[in-house]
Amino acid sequence: MKMITSLEEYKELVKTARDQGCIVSNCFFLPNTIRDLTEKGKLFVRKIDAGLLLLEEADEFYRVRYYLRPGQIPEEQKFDKDCVIELPFQNEFTPSQRMQEEQISGMGFSLGRNSALMSISSDNLKISVTVPFMDKISFALEEDHENIYHLLKECFDPLYAFLPDEAELMGKIRCKQVWILKSAGQIAAVLNSSMEKNTAMISHVAVASEFRGKGYGKMIVEVYHRYYKERVRTFSHWVDLSNSHAINMYRVFGYQFIGRRANEYVFKINS
Amino acid sequence: MENLLDILNEIRPDVDFTNEKKLIDDGILDSFDIISIVSELNDAYDIEIDVEDLEPENFNTIEAMLELIRKLQNEQ
């Protein structure tokens, strides 16, 4: 495995791979992303029999992208950290994506999670007249960041969840994109959001284990909706298809599946 | 243009592709969208969008995407 040190080196590697017939890929980094990753020393390449693997280093795992030859099943791979491969698709697999799943499996990965995007326009969003405990829900403060960070890590698997690191979380708190619900002096629930132009997106909703079953997740989502309703045209978020509780909650608000799907395949070093 | 619009609306029905002028720069399209768009355009137009083509200016507007498609078709 070798570190990629520049955008130019990345382009050369990918061009060579593609010229050698490795045209099947789940990787479409834009230049700014590559520059950012190479400057931080977080992008690596591994040449394999069937093509090229690009490893983006996160804290405790790699996100793996590939350029492979169509139809060629790679050898089983070994890594020094857990890894995840994301394969986005629309509604159902195309034949090419079905083949990619076989190639991913050949490398030693197995399906970890099925996700789908739910979405709703602001106009159609159902808002409750009142929200219980609304006075307990507020924007997070900088002093809350450590507790929020630990709650997110407790509730989500970092392989799937795109958890913010501490610096990113602090930035989001400063931008008023993180809400907390406090109960008995503790942070009982957190909602981490993002907004891009006309779309608000929930990145994470987490409820501490000792506070579950009280509807805190729904309450904090309601407050998020109320805040953004006049500010955006669309609300979206990715949901784990095995999380029927969350899906039912979002359906009550009017969210619908819009066809965007993603499978995440994992390689765990201790499995 | 209509065919391209149909493809894009299939991928992101919540985006106003006709009027948005900074689909990448404003973060409206994310990396998942790019993967989906590139795959669909490669199949629909029988082109090969290469790493060199993955510049924001080629995907910021529907007009730019159409221009990219035409360029790649002419190169074949």
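At a glance:
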| quantity | calculated |
| --- | --- |
| Top-ranked residue in the range B:44-53 [being more than 12 Å from the chain's Cα centre (by Cα) and in a helix (DSSP H, G or I); ranked as farthest from the other protein chains (Cβ to nearest Cβ)] | B:GLU52 |
| Test: A:GLU75 is closer than 25 Å to B:ASP33 by Cβ and assigned by TED's automatic domain parsing to the domain that holds A:ASP19 | no |
| Inter-residue pairs, beta-carbon under 9 Å, first at the interface with chain A (Cβ under 7 Å from one of its Cβ atoms) and surrounded by fewer than 20 Cβ atoms within 10 Å (Cβ to Cβ) and in the range B:23-43, second of a type in the set (Val, Ile, Thr) and in a helix (DSSP H, G or I), 6+ apart | B:SER31/A:THR33 |
| Test: residue in the range A:124-144 that is within 14 Å of chain B (Cβ to nearest Cβ) and in contact (Cβ under 8 Å) with a residue 12 or more places away in the chain | yes |
| Residues (touching a residue at least 24 places away in the same chain (Cβ under 8 Å), touching a Ser or Thr at 6+ places or on another chain (Cβ under 9 Å) and within 12 Å of A:SER236 (Cβ to Cβ)) located in the range A:190-220 | A:SER193, A:ASN198, A:THR199, A:ALA200, A:MET201, A:ILE202, A:SER203 |
| Count of the range A:190-226 residues which are within 14 Å of another protein chain (Cβ to nearest Cβ) and either under 21 Å from A:HIS245 (Cβ atoms) or in a helix (DSSP H, G or I) (or both) | 3 |
| Residue that is farther than 23 Å from A:VAL221 by Cα and either without any contact (Cβ under 8 Å) to a residue 24 or more places away in the chain or not assigned by TED's automatic domain parsing to the domain that holds A:GLU60 (or both), where the choices are A:PHE89, A:PHE93 | A:PHE93 |
| Restricting the range A:227-241 to residues that are away from every other protein chain (no Cβ under 14 Å) and of a type in the set (D, E, K, R), the residue that is nearest to A:ASN124 (Cα to Cα) | A:LYS229 |
| Residue match in the range A:29-41 (condition: small (Gly, Ala, Ser), more than 18 Å from A:GLY106 (Cα to Cα) and not assigned by TED's automatic domain parsing to the domain that holds A:TYR160) | yes |
| Residue list for the range A:8-19, restricted to those being touching a residue at least 12 places away in the same chain (Cβ under 8 Å) and either among the hydroxyl-bearing types (Ser, Thr, Tyr) or more than 10 Å from chain B (Cβ to nearest Cβ) (or both) | A:GLU9, A:TYR10 |
| Condition met for B:ASN9 (free of Cβ contacts under 8 Å to residues at least 24 places away in the same chain, more than 9 Å from chain A (Cβ to nearest Cβ) and surrounded by fewer than 16 Cβ atoms within 10 Å (Cβ to Cβ)) | yes |
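The values are calculated or read from the model by the stated rules, or taken from the named source; none is laboratory data. All figures in this text were calculated on a predicted structure; none of them were measured in a lab. No Cβ is skipped: glycine too gets one built from the backbone with ideal geometry, and neighbour counts run over all protein chains shown.
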